[in-house]
Amino acid sequence: ELLNETLQKRTRHFWIGLWVPAARTGWMWVNSSRLGRDWFQMDLGEQPGLCGTIRGSTIIPDNCDLDLQWICQREATQL
């Protein structure tokens, strides 16, 4: 719930682990798997050196040098 509320603030955006490592590689996750085009129907362009950010509910290509926070996957913990 906290993450969803934070993402809805248009002034906040985060790295999500997507990038274009080199020409003709396409978008890849940091674990080297390709972005599933079946899951994401959007034109992000494929310029090498771009990274994926999320703002609201939209994934946006941006300069990888920006100083942003990350949203990362973690194993679930039991409280």
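Starting from segment 19-36, take each residue that is touching a residue at least 60 places away in the same chain (Cβ under 8 Å) and list its partners that are part of a loop (DSSP other than H, G, I, E, B) and surrounded by 10 or more Cβ atoms within 10 Å (Cβ to Cβ), counting only C-beta distances under 7 angstrom and pairs at least six apart or across chains. Partner pairs satisfying both residue conditions: none exist.
Can you work out which of the residues in segment 2-32 that are charged (D, E, K, R) and either modelled with pLDDT of 75 or more or under 11 Å from the mean Cα position of the chain (by Cα) (or both) is most open to solvent (accessible area, probe 1.4 Å)?
As a first pass, look at segment 2-32 and keep what is charged (D, E, K, R): 5, 9-10, 12, 24.
In the following step, the residues that additionally are either modelled with pLDDT of 75 or more or under 11 Å from the mean Cα position of the chain (by Cα) (or both) were identified as 12, 24.
Details: ARG12: 83, ARG24: 221 Å².
Looking at residues that are charged (D, E, K, R) and either modelled with pLDDT of 75 or more or under 11 Å from the mean Cα position of the chain (by Cα) (or both), I get ARG24.
Checking the stated criteria, GLY36 turns out not to satisfy the condition of being open to solvent by less than 70 Å² (accessible area, probe 1.4 Å), of a type outside the set (Lys, Arg), under 18 Å from THR6 (Cα atoms) and modelled with pLDDT under 80.
The values are calculated or read from the model by the stated rules, or taken from the named source; none is laboratory data. On a predicted model such as this, the values are computed, not experimentally measured, just so you know. Note: ideal-geometry Cβ built from the backbone for every residue, glycine included; neighbour counts use all protein chains shown. Accessible surface areas use protein heavy atoms only, side chains included; no ligands, DNA or RNA. Shrake-Rupley method; radii C 1.70, N 1.55, O 1.52, S 1.80 Å.
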